[in-house]
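Down below is the structure, laid out as structure tokens.
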Amino acid sequence: MSQTVQITEVSEFMKRHLADVFDTMLSLHPVLLPGAELPPPGGRVTGAVGFGGETVTGAVYLHLTDPLARQATATMLGLTLAEVTGEGEVNDVVGEVTNMLTGGLKSWLCDAGVECAVSTPAIIRGTAYDIEPMPDVKREWLVFDCGQERFMVEIHVKFN
Amino acid sequence: MPIKILSVDDSRTIRMIVGKAFRPYEVQLFEATNGEEGLAAAQREAPDLVILDVTMPVMDGVTMLTKLKENAATKAIPVIMLTAESGRDNVLQIAKIGVRDYLVKPFKEEQLIEKAGRIVALQKKAPVTA
């Protein structure tokens with residue numbers, strides 16, 4: 001099967017879908033910062049969900065700052081910030097939001113004829129890390145402004 | 001008698017959101033984290049409604065739904081599928097098995113209540129008086 005989808009189309013879909021997910025689940029309205037530099041290293045929570053099929057493999061990474069991840073957790077679970085005390089519930093929420101982002105992408109790819117399945121979410125925590133794409137994998141960064149915080153979505157895609 | 005609802009999702013976040021959505025109502029909520037646990041809970045508790053995720057480890061939602069419909073004791077239990085995947089093929093597949101309705105993530109709690117309210121008679125809890 002020939003490649004039917006371009007990475008730029010994936011990126012455009014993700015911009016629209018992220019706005020929907022953040023509005024519906026988090027009541028947040030992030031603003032895309034085209035060409036923005038990546039935020040400086042700091043405490044981060046990253047959700048990662050892979051997708052793959054015969055003609056495509058890839059992953060979506062949602063990088064949130066610690067404060068934004070806690071705010072998202074409080075909003076999504078109907079808690080106050082003070083009630084968000086453990087890493088576990090923050091990890092669950094970041095994983096679930098990443099799952100929704102990737103699930104939407106998977107559906108969009110499948111409707112475009114690029115069949116694939118998604119993995120269960122994984123979480124990465126730390127202060128200074130980078131995710132290196134495998135050879136021949138295209139990487140797109142989307143940087144958003146969300147009130148006092150910036151966050152990023154990183155998409156890795158390889159069409160076979 | 002409260003309405004018995006079974007939430008089957010490997011995501012604790014989604015189970016908590018479902019729990020929050022039904023909190024104002026006379027609902028007894030049961031939870032399971034995969035299809036295998038969900039089947040056991042459905043047979044044990046005979047819920048009035050199942051809210052079922054699609055992608056889960058151990059046993060996914062489509063397999064659980066299929067087994068639920070194959071069993072005479074559970075085949076009449078209505079199921080709302082809750083899925084992050086809205087693709088045509090996915091929706092057609094679950095529709096064929098006999099799902100009552102489906103809700104695509106992201107979703108608002110009001111949407112879940114509206115869809116559940118079409119299947120079971122949700123009653124608001126009486127206000128607590130001092």
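Dipole of chain B, Cα-centred, from +1 at each Lys and Arg C-beta and -1 at each Asp and Glu C-beta, to the nearest 20 debye?
About 360 debye.
DSSP loop chymotrypsin sites (Phe, Trp or Tyr not before Pro) in the stretch A:95-157 with at most 14 other Cβ atoms within 10 Å of their Cβ, which ones? Working shown, then result.
Values: sites: A:Trp108, A:Tyr129, A:Trp141, A:Phe144, A:Phe151; in loops: A:Tyr129.
Qualifying residues, ordered by number: A:Tyr129.
Would you calculate a helix-derived [θ] at 222 nm for chain A, using -39,500 (n - 2.57) for each DSSP H run of n ≥ 4 and dividing by the full residue count, to the nearest 500?
On the way: 3 runs with 57 residues, N = 160.
The per-residue figure over chain A is -12000 deg cm²/dmol.
What is the distance in Å between the Cα centroid of the stretch B:15-40 and that of the stretch A:14-73?
27
Could you calculate the contour length gain from B:Glu26 to B:Lys96, that is, 0.36 nm times the residue separation minus the distance between their Cα atoms, to one decimal place in nm?
Details: separation 70, 0.36 × 70 = 25.20 nm, distance 3.13 nm.
Fully extending the segment from B:Glu26 to B:Lys96 adds 22.1 nm.
Test of understanding: extend the Cα→C-beta vector of B:Met59 to 7 Å, then name every residue of the stretch B:16-42 with backbone N under 19 Å from that spot.
Zone members listed by number: B:30-42.
Kirkwood hydrodynamic radius, the stretch B:39-85, all distinct C-alpha pairs: what's the number in Å? All intermediate terms of the calculation are to be shown ahead of the outcome.
Details: mean 1/r = 0.0927 Å⁻¹.
It is 10.8 Å.
Between A:His29 and B:Glu45, what is the label-to-label distance in nm when each label sits 7 Å out along the Cα-to-Cβ direction?
It works out to 3.8 nm between the two label points.
Only Cα pairs under 8 Å and at least 6 apart count here; give the relative contact order of chain A as a rounded whole percent. Spell out each step's value before the answer.
Details: 290 pairs, mean separation 57.2, N = 160.
Relative contact order of chain A: 36 percent.
Can you give me the distance in nm between label points at A:Asp145 and B:Ala72, each placed 7 Å from the Cα along the Cα-to-Cβ direction?
6.6
Trypsin sites (Lys or Arg not before Pro), restricted to the stretch B:36-130: which are DSSP loop and have at most 13 other Cβ atoms within 10 Å?
Numbers: sites: B:Arg44, B:Lys67, B:Lys69, B:Lys75, B:Arg88, B:Lys96, B:Arg100, B:Lys108, B:Lys115, B:Arg118, B:Lys124, B:Lys125; in loops: B:Lys75, B:Arg100, B:Lys108, B:Arg118, B:Lys125.
Of the trypsin sites (Lys or Arg not before Pro), the ones in loops of the stretch B:36-130 whose Cβ has at most 13 other Cβ atoms within 10 Å are B:Lys75, B:Arg118, B:Lys125.
State the Cα centre-to-centre distance between the stretch A:99-157 and the stretch B:54-100 in whole Å.
Between the Cα centre of the stretch A:99-157 and that of the stretch B:54-100, the gap is 27 Å.
How high is the FRET efficiency between A:Leu81 and A:Asp20 when r is their beta carbon distance and R₀ equals 30 Å, given to the nearest 0.05?
Values: r = 24 Å, r/R0 = 0.82.
Plugging the Cβ-Cβ distance into 1/(1 + (r/R0)^6) gives 0.75.
Report the antiparallel proportion of the DSSP beta bridges in the protein assembly as shown as a percent, rounded to a multiple of 5. Before the final figure, lay out the partial values.
Working: 36 of 54 bridges.
Of those bridges, close to 65 percent are antiparallel.
Sorting check: for B:57-63, A:85-91, B:3-9, which peptide has the highest mean count of neighbouring beta carbons within 10 Å, and how do the rest follow? If you can, show how the numbers build up before the last one.
On the way: B:57-63: 17.3, A:85-91: 15.7, B:3-9: 24.1.
Taking the mean over residues of other Cβ atoms within 10 Å, the ranking is B:3-9, B:57-63, A:85-91.
For the protein assembly as shown, I need the span (max minus min coordinate) of the C-alpha atoms along each principal axis, in Å, sorted largest to smallest.
58, 56, 26 Å, listed from the longest principal axis down.
Grab every C-alpha pair in the stretch B:3-117, bin the distances at 5 angstrom width from 0 up to the longest one, and report whole percents.
Taking all Cα pairs of the stretch B:3-117, the binned fractions are 2, 13, 26, 27, 21, 9, 2, 0 percent.
Report the GluC sites (Glu not before Pro) located in the stretch A:1-84 that are in a DSSP loop and have at most 16 other Cβ atoms inside 10 Å of their Cβ, or state none. Intermediate results must be reported in sequence, preceding the final value.
Working: sites: A:Glu9, A:Glu12, A:Glu37, A:Glu54, A:Glu83; in loops: A:Glu37, A:Glu54.
When the GluC sites (Glu not before Pro) of the stretch A:1-84 are filtered for loop state and at most 16 Cβ neighbours within 10 Å, A:Glu37, A:Glu54 remain.
How high is the FRET efficiency between A:Glu132 and A:Thr8 when r is their beta carbon distance and R₀ equals 22 Å, given to the nearest 0.05?
Numbers: r = 22 Å, r/R0 = 0.98.
Approximately 0.50, to the nearest 0.05.
With the dipole of the stretch A:1-85 worked out from charges on the C-beta (+1 for Lys and Arg, -1 for Asp and Glu) around the Cα centre, which of A:Ala69, A:Gln6, A:Gly50 lies farthest toward the positive end?
Selected residue: A:Ala69.
What does the convex hull of the Cα atoms of the stretch A:2-159 come to per residue, in Å³, rounded to a whole number?
On the way: hull volume 16.9 nm³, N = 158.
Here the figure is 107 Å³ per residue.
Rule-based calculations on the coordinates, nothing more; no lab input. Please read all numbers here as calculations on a predicted model, not as lab measurements. Note that we place each Cβ from the backbone using ideal geometry, even for glycine, and neighbour counts take in every protein chain shown.
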